Amino acid sequence: MWKSIPDGGPERLVALADGVFAIAITLLVLDLTVPRGLDSAQYHEALRELLPDLGAYALSVAVLGSFWRDHRRIFRTVRQVDGQVIALAVLGLGVAALLPFPTRLISDYGDEPASVAIYAVAVAALGATHLALVVLLARRPWLHGEEPSEVGTALNALDGATTVVIFLLTIPLALLIGSAAVWWWLVLIPAKTAIGRRARKAR
């Protein structure tokens, strides 16, 4: 039977996550360009065509920023990591690094249901890895420097599960109503606000 063996502190893993999220956000910017040598009419037309790119950029910055914050919160009380924790964290970072690709699909082919579905799958997968980390670390109190709060762990799990469910529901919605399914993602705003308020009260 596999046994959890601590393999050092989480500092390098957290630093790796900081770098991956920073690079992923930087890669999003590279798609924001306007060709040179345009006349005034072409220039303004190019700016209008850039609006979907800016929208997709803003969306993915918000998503990646939120997951980066959650990642740091998950490891706040962790003092040791083991092989499974490292593997799950690296898997999640791999998905985060992939997010610029579905972001490009959303900006270039936002009217295609497949683009919405692919983006939703990527975010749901990232959320699932964070949720798995929360559950795994909750079951291994010996990896923590201090006893994690049960309420805080439950709220972290609820936060991750909410993201996963909302984005997974987008997949069949995209097939039914097309790109309008992206508006379903706005449900995350009140949902996460409510969870955040409960977390602050629990402190």
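Here are the numbers for this structure:
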{"item": "Of GLN42, VAL20, GLY8, farthest towards positive along the dipole that unit charges on Lys, Arg, Asp, Glu beta carbons give region 3-81", "result": "GLY8"}
{"item": "Acute angle (nearest 10 degrees) that the helix 188-202 long axis makes with the longest principal axis of the chain, alpha-carbon atoms", "result": "30 degrees"}
{"item": "Nearest-ten-degree value, helix 83-98 long axis tilted from longest Cα axis of the chain", "result": "10 degrees"}
{"item": "Solvent exposure of region 134-203 as accessible area per residue, Å², 1.4 Å probe", "result": "61 Å²"}
{"item": "Rounded tilt (10° steps) of 40-74 against the dominant C-alpha axis of the chain", "result": "0 degrees"}
{"item": "For region 1-66 versus region 150-185, the gap between their alpha-carbon centres in whole angstrom", "result": "21 Å"}
{"item": "Accessible solvent surface per residue of region 3-123, calculated while the other protein chains remain in place, 1.4 angstrom probe, Å²", "result": "54 Å²"}
{"item": "Charge dipole (debye, nearest 20) of region 1-160; +1 at Cβ of Lys and Arg, -1 at Cβ of Asp and Glu", "result": "600 debye"}
{"item": "DSSP loop chymotrypsin sites (Phe, Trp or Tyr not before Pro) with at most 16 other Cβ within 10 Å excluded, longest remaining stretch of the chain", "result": "3-108"}
{"item": "Low-density loop cleavage sites - trypsin sites (Lys or Arg not before Pro) in region 1-108, where at most 16 other Cβ are within 10 Å (DSSP)", "result": "LYS3, ARG36, ARG76, ARG79"}
{"item": "Solvent-accessible area, 1.4 Å probe, carbon plus sulfur percent, for region 1-157", "result": "63 percent"}
{"item": "Relative contact order for the chain, counting Cα pairs under 8 Å that sit 6 or more residues apart, in percent", "result": "23 percent"}
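The values are calculated or read from the model by the stated rules, or taken from the named source; none is laboratory data. All figures in this text were calculated on a predicted structure; none of them were measured in a lab. Neighbour counts run over all protein chains shown; Cβ positions are idealised from the backbone, glycine included. Each accessible area value is taken on the protein alone, full model and side chains, heavy atoms only, with ligands, DNA and RNA left out. Shrake-Rupley method; radii C 1.70, N 1.55, O 1.52, S 1.80 Å.
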